[in-house]
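Asks: Pasting a structure below so you can have a look.
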């Protein structure tokens with residue numbers, strides 16, 4: 001089997017020298033992101049005063065960097081592709097040297113629906129939108145005070161010309177399985193999407209015009225869900241993923257795509273892109289060895305060994321007493337062999353692969369190649 005690093009180098013080479021990479025360029029002065037842990041660059045850690053422990057962040061940052069990952073997230077790779085710096089979290093005022101190129105409102109554990117009293121994150125989508133509105137007001141106030149603040153904050157036209165990215169909804173579905181039946185969860189999807197539509201409409205009313213919306217991935221293939229809900233083999237699909245979770249994700253995605261089309265039709269001056277993250281991730285898990293991975297479902301950082309190396313009582317990097325014994329959830333020797341990092345989140349290597357597929361444009365509706373209106377031709 002070819003080494004993981006070699007295969008990633010080949011993928012990077014193909015992308016860099018592909019006709020698509022030379023025919024388009026991103027053209028945004030700033031990016032504003034909303035979401036959960038899939039795109040949280042430190043919001044939850046800063047917002048609730050918690051911390052992540054090593055080996056989180058070990059691959060790229062060499063230390064925990066607010067990301068539930070061994071390194072970079074999908075959004076980090078996409079920011080690189082847009083030739084923009086990594087997004088600083090809205091809630092991390094000390095750690096953020098500048099918000100000139102945008103701001104990240106995502107927080108791990110966040111839901112589209114208003115957060116419940118025992119939620120991991122209080123920063124639901126509606127709260128994130130409200131934070132954006134306050135952010136915009138403060139930026140405009142500071143711009144009125146003169147030039148000295150301009151190198152730290154977006155310019156006024158960045159709010160209309162910027163890209164608004166979304167990756168949220170996973171926790172609404174996954175969390176519901178702990179207390180609801182599959183039929184109840186499927187019936188709740190329209191309510192979730194009404195809340196999402198309300199939020200993006202509010203952003204549109206604030207001047208947002210460029211929307212990039214990720215659908216949710218195959219929840220049934222996350223190690224955590226397999227460990228909890230996959231003990232009955234009859235509930236698993238051919239890949240070993242929990243069928244009900246993936247069914248919910250697929251229905252959510254179908255309705256989200258329909259919402260994107262409806263929103264585009266209602267707002268012809270907007271540009272709305274729906275990105276099929278589910279297909280990219282499911283294909284990766286189905287064909288993991290083709291891309292140099294060895295473990296499609298097993299967690300790299302966890303406790304318990306084969307087959308899943310996951311124990312919900314012991315989060316990655318933490319030491320807990322379980323049944324009278326002190327145990328630590330440690331990282332594996334080579335995280336590039338794993339699709340899953342900690343049972344819930346993907347590894348940097350998997351995120352890099354997913355990003356490379358997003359950037360081909362073929363998983364987007366409309367596709368980048370000939371329909372994406374805010375990608376401009378390069379001039380040679």
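The values are calculated or read from the model by the stated rules, or taken from the named source; none is laboratory data. This one's a predicted model, so the numbers in the text were calculated from it and none came from an experiment. Every residue, glycine as well, gets a Cβ built from its backbone with ideal geometry; the counts of neighbours run over all protein chains shown.
Asks: Give the number of residues within the stretch 201-220 that are in contact with a strand residue (DSSP E or B) (Cβ under 7 Å, 6 or more places away or on another chain) and not in a strand (DSSP E or B).
Replies: 5
Asks: Let me ask something additional. Just to be sure I understand the filter: pairs with C-beta atoms under 6 Å, separated by 6 or more residues or on different chains, first member in the stretch 173-184 and in a helix (DSSP H, G or I), second member modelled with pLDDT under 95. Which pairs pass?
Replies: Note: no pairs meet the criteria.
Asks: Somewhere in the stretch 61-71, is a residue at pLDDT below 95, more than 26 Å from residue 122 (Cα to Cα) and buried (at least 16 other Cβ atoms within 10 Å of the Cβ)?
Replies: no
Asks: Can you confirm whether the stretch 124-141 contains a residue that is at pLDDT below 95, over 15 Å from residue 29 (Cα atoms) and touching a helix residue (DSSP H, G or I) at 6+ places or on another chain (Cβ under 9 Å)?
Replies: The answer is no, given that none of the residues of the stretch 124-141 is at pLDDT below 95, over 15 Å from residue 29 (Cα atoms) and touching a helix residue (DSSP H, G or I) at 6+ places or on another chain (Cβ under 9 Å).
Asks: Can you say whether residue 86 is in contact with a helix residue (DSSP H, G or I) (Cβ under 6 Å, 6 or more places away or on another chain), part of a helix (DSSP H, G or I) and either within 30 Å of residue 338 (Cα to Cα) or without any contact (Cβ under 8 Å) to a residue 24 or more places away in the chain (or both), as far as the supplied structure shows?
Replies: It is false that residue 86 is in contact with a helix residue (DSSP H, G or I) (Cβ under 6 Å, 6 or more places away or on another chain), part of a helix (DSSP H, G or I) and either within 30 Å of residue 338 (Cα to Cα) or without any contact (Cβ under 8 Å) to a residue 24 or more places away in the chain (or both).
Asks: With respect to residue 333, determine if the residue is out of contact with any strand residue (DSSP E or B) (no Cβ under 7 Å at 6 or more places or on another chain), in contact (Cβ under 8 Å) with a residue 24 or more places away in the chain, in a loop (DSSP other than H, G, I, E, B) and surrounded by fewer than 18 Cβ atoms within 10 Å (Cβ to Cβ).
Replies: The answer is no for residue 333.
Asks: State whether one or more residues within the stretch 288-304 are in contact with a strand residue (DSSP E or B) (Cβ under 9 Å, 6 or more places away or on another chain) and surrounded by fewer than 16 Cβ atoms within 10 Å (Cβ to Cβ).
Replies: yes
Asks: Counting just the residues of the stretch 172-205 that are under 18 Å from residue 241 (Cβ atoms) and buried (at least 22 other Cβ atoms within 10 Å of the Cβ), which one comes out farthest from the chain's Cα centre (by Cα)?
Replies: 185
Asks: I'm checking my understanding of the structure. Among residues of the stretch 258-273 that are in a strand (DSSP E or B) and more than 12 Å from residue 197 (Cβ to Cβ), which one is farthest from the chain's Cα centre (by Cα)?
Replies: Here the residue is 271.
Asks: Consider the stretch 148-167. How many of its residues are loosely packed, with under 14 Cβ neighbours inside 10 Å and outside any loop (DSSP other than H, G, I, E, B)?
Replies: Counting residues in the stretch 148-167 that are loosely packed, with under 14 Cβ neighbours inside 10 Å and outside any loop (DSSP other than H, G, I, E, B) gives 2.
This table checks each residue for (1) closer than 21 Å to residue 75 by Cα; (2) assigned to a strand (DSSP E or B).
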{"residue": "297", "(1), (2)": "no, yes"}
{"residue": "305", "(1), (2)": "no, no"}
{"residue": "316", "(1), (2)": "no, no"}
{"residue": "320", "(1), (2)": "no, yes"}
{"residue": "349", "(1), (2)": "yes, no"}
{"residue": "361", "(1), (2)": "yes, no"}
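Asks: Is one or more of the residues making up the stretch 206-221 within 25 Å of residue 45 (Cβ to Cβ), over 19 Å from the mean Cα position of the chain (by Cα) and either modelled with pLDDT of 95 or more or surrounded by 15 or more Cβ atoms within 10 Å (Cβ to Cβ) (or both)?
Replies: There is no residue in the stretch 206-221 that is within 25 Å of residue 45 (Cβ to Cβ), over 19 Å from the mean Cα position of the chain (by Cα) and either modelled with pLDDT of 95 or more or surrounded by 15 or more Cβ atoms within 10 Å (Cβ to Cβ) (or both).
Asks: Say whether the condition of being in contact with a strand residue (DSSP E or B) (Cβ under 9 Å, 6 or more places away or on another chain), crowded, with 21+ Cβ neighbours inside 10 Å and farther than 25 Å from residue 245 by Cβ is met by at least one residue in the stretch 276-285.
Replies: Among the residues of the stretch 276-285, not one is in contact with a strand residue (DSSP E or B) (Cβ under 9 Å, 6 or more places away or on another chain), crowded, with 21+ Cβ neighbours inside 10 Å and farther than 25 Å from residue 245 by Cβ, which makes the answer no.
Asks: Now a separate question. For residue 46, which of the numbered conditions (1) surrounded by fewer than 17 Cβ atoms within 10 Å (Cβ to Cβ); (2) out of contact with any helix residue (DSSP H, G or I) (no Cβ under 8 Å at 6 or more places or on another chain); (3) modelled with pLDDT of 85 or more fails to hold?
Replies: For residue 46, the failing item is (1).
Asks: Still on this structure: Failed condition for residue 138, given (1) exposed (fewer than 14 other Cβ atoms within 10 Å of the Cβ); (2) within 20 Å of the chain's Cα centre (by Cα); (3) within 22 Å of residue 44 (Cβ to Cβ), with all others met?
Replies: Looking at each condition in turn, residue 138 falls short on (2).
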